[in-house]
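Participant: Just dropping this structure here.
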Amino acid sequence: MFPIHVAVAVIQNLEGKILLTRRQEHTHQGGLWEFPGGKVERREDLAQALRREIREELGIEVITHQPLISITHAYPEKTVRLDVHSILKYAGVPYGMEGQPLEWVSIEALHDYPMPAADRPICNALKLPDTYLITGPDPKAMKPFLRSLEVSLDQDIKLVQLRAPGLSDDEYRSLAAAAYKLCQRYGAKMLANASLGLIDKIDTDGVHLTSLQLTKLSDRPVSSGKWLAASCHNQRELEQAAALGVDFCVLSPVLATASHPQANPLGWDQFSEHLKHVNMPVYALGGLDRKHIPQAKMAGGQGIAAISALWAQG
Ligand SMILES: Nc1nc2c([nH]c(=O)n2[C@H]2C[C@H](O)[C@@H](COP(=O)(O)OP(=O)(O)OP(=O)(O)O)O2)c(=O)[nH]1
Ligand SMILES: [Mg+2]
């Protein structure tokens, strides 16, 4: 089925709350809460449709916006492609021009509002920050590793993958317990990149799977209340991740890196091409630092993941 192209707006107020409106009862997905927007008309580009829809539905003028995520979702009756943009600047005060109820909702409370099924990845994209720290070299001792983690967390890191492939399960478990406490103290979420046997034995906010682990699982290994992430390098792995119900991915290598000199970098064009077929937030990884965040977002990504650029050296 050819998808219906829809321009969707995420509008945030100064308190960081997001504007939701309720769909009219008689429409498709009627009665559910949504991000405002509507169909792209013939001879319109996405930006024109976004401005027109938001003017018609809310009476405000969109001034600047940037891509957040793009989702293609097949409902039994129709397929939609939602091109979701964050509105960075607008003029006016939003008002329900079509009589639709309107609410400002904190990101943590989004799941209390029944929404169309296609919107789940949008909510995930809103919950996730634009940087994902992958912890640095395997610790030789716990103390300096935790000190580095703390310095990194102090630099506004809110999402951490605890990666230490050289440790035994016992060593990883004790490191994870200490690292998790530290992450909680800094309001950061921590995902464990551990052996499959450890997954349900460690207290964390979620699990990060290697691409090899992805191939070994047929069911989601953690509940939907926890994050499930995966490392991917190509379309096949991205599809495996989607089939397993992974919430977000890391796709690499985008640029050449000193740590993987033999790997063939994707480059931004191929990164962006891969994302056209993916319905979840994807971080770009490989030779990147914070200055690449705008480029990653323009390419359709969530932001950047990194070890060297984000890991503080003790
Ligand atoms: N605006 C919006 N549409 C969504 C969301 N999630 C989702 O599945 N959709 C679907 C529902 C519809 O099938 C389609 C959007 O169409 P729409 O009914 O808003 O279109 P429109 O504003 O142009 O309305 P109309 O003139 O056709 O009545 O996308 C969402 O969060 N926001
Ligand atoms: Mg609409």
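Participant: For the chain, what relative contact order do you get, as a whole percent, if you take Cα pairs closer than 8 Å and at least 6 residues apart?
Facilitator: RCO, the chain: 16 percent.
Participant: For residue 159, list long-range residues whose amide hydrogen, built 1.01 Å from N in the peptide plane, is under 5 Å from its own amide hydrogen.
Facilitator: 133, 189
Participant: Using 7 Å Cα-to-Cβ label points, what is the residue 48/residue 89 separation (nm, one decimal)?
Facilitator: 2.3 nm
Participant: I've got another one for you. Run lengths n ≥ 4 of DSSP H only: what is the helix-derived mean residue ellipticity at 222 nm for the chain, with -39500 (n - 2.57) per run over all residues, to the nearest 500?
Facilitator: One gets -7500 deg cm²/dmol as the mean residue ellipticity at 222 nm.
Participant: Using a 1.4 Å probe, how large is the accessible area of residue 291, given in Å² and rounded to the nearest 10?
Facilitator: About 150 Å², rounded to the nearest 10.
Participant: What is the set of long-range amide H partners of residue 68 at a cut-off below 5 Å, with H atoms built 1.01 Å from backbone N?
Facilitator: Distant-sequence amide H within range of residue 68: 84, 85, 86.
Participant: Here is a follow-up. In sequence order, what are the phi-derived ³J(HN,Hα) couplings for region 70-80 according to the Karplus relation 6.51 cos²θ - 1.76 cosθ + 1.60 with θ = phi - 60°, rounded to whole Hz, with x for glycine and proline?
Facilitator: 10, 10, 10, 10, 9, 7, x, 8, 6, 10, 10
Participant: Quick one: what are the phi-derived ³J(HN,Hα) couplings along region 87-92, Karplus 6.51/-1.76/1.60 with θ = phi - 60°, whole Hz, x for glycine and proline?
Facilitator: Each residue's phi maps through the Karplus curve to give 8, 8, 8, 8, 10, x Hz.
Participant: Using a 10 angstrom cutoff on alpha carbons, build the Gaussian network for the chain and name the most mobile of 251, 46, 228.
Facilitator: Of 251, 46, 228, the Gaussian network model singles out 46 as fluctuating most.
Participant: A further question follows. Roughly speaking, what is the stretch gain from residue 218 to residue 142, that is 0.36 nm per residue apart minus the C-alpha to C-alpha distance, in nm to one decimal? Walk me through the numbers on the way to the answer.
Facilitator: Numbers: separation 76, 0.36 × 76 = 27.36 nm, distance 3.40 nm.
Stretched fully, the residue 218-residue 142 segment lengthens by 24.0 nm.
Participant: Whose amide H sits under 5 Å from the amide H of residue 207, counting only residues 5 or more places off or on another chain, with H placed in the peptide plane?
Facilitator: Counting only residues 5 or more places away or on other chains, the set is 192, 227, 228, 229.
Participant: State to the nearest 20 debye the size of the charge dipole of the chain about its Cα centre, where the only charges are +1 on K and R beta carbons and -1 on D and E beta carbons.
Facilitator: 440 debye
Participant: In region 1-157, what % of DSSP beta bridges are antiparallel (nearest 5)? Numbers along the way, then the final one.
Facilitator: Numbers: 22 of 30 bridges.
Of those bridges, close to 75 percent are antiparallel.
Participant: Also, quick follow-up: For the chain, with a Gaussian network of springs between Cα atoms less than 10 Å apart, report the residue from 193, 234, 13 with the top mean-square fluctuation.
Facilitator: Per the Cα network of the chain with a 10 Å cutoff, 13 tops the list.
Participant: What are the trypsin sites (Lys or Arg not before Pro) within region 1-108 that DSSP puts in a loop, where the Cβ has at most 16 other Cβ atoms within 10 Å?
Facilitator: For trypsin sites (Lys or Arg not before Pro) across region 1-108 that sit outside H, G, I, E and B with at most 16 neighbouring Cβ atoms in 10 Å, the list reads 17, 42, 43, 78.
Participant: With no solvent and one equal point scatterer per Cα, compute the Debye intensity ratio I(q)/I(0) for the chain at 0.14 Å⁻¹ and report its log10, rounded to two decimals.
Facilitator: So the normalised log intensities are -1.10.
Participant: Place a point 7 Å from the Cα of residue 105 along the Cα-to-Cβ direction; which residues of region 18-48 have their backbone N under 16 Å from it?
Facilitator: The answer is 18-25, 29-37.
Participant: How big is region 131-306 by Rg and Dmax over its Cα atoms, in Å?
Facilitator: Computed over the Cα atoms of region 131-306, radius of gyration and Dmax are 15.5, 43 Å.
Participant: Where the centroid of each part is defined by its Cα atoms, how far is region 261-287 from region 33-57 in Å?
Facilitator: Between the Cα centre of region 261-287 and that of region 33-57, the gap is 28 Å.
Participant: Report, for the chain, the % of DSSP beta bridges that are antiparallel, rounded to 5.
Facilitator: So the antiparallel bridges amount to about 40 percent of the total.
Participant: Moving on. Build a GNM of the chain with springs between Cα atoms under 10 Å: which of 88, 133, 209 gets the top mean-square fluctuation?
Facilitator: Top of the fluctuation ranking is 88.
Participant: Given the C-alpha centroids of region 85-148 and region 156-222, what is the distance between them in whole angstrom?
Facilitator: Measuring centre to centre over Cα atoms gives 21 Å.
The values are calculated or read from the model by the stated rules, or taken from the named source; none is laboratory data. Predicted model, so just to flag it, every value in this text is computed and none were measured. Using ideal geometry, Cβ is built from the backbone for each residue, glycine included, and neighbour counts are taken over all protein chains shown. Just the protein is used for accessible areas: all its heavy atoms, side chains included, with ligands, DNA and RNA removed. Shrake-Rupley method; radii C 1.70, N 1.55, O 1.52, S 1.80 Å.
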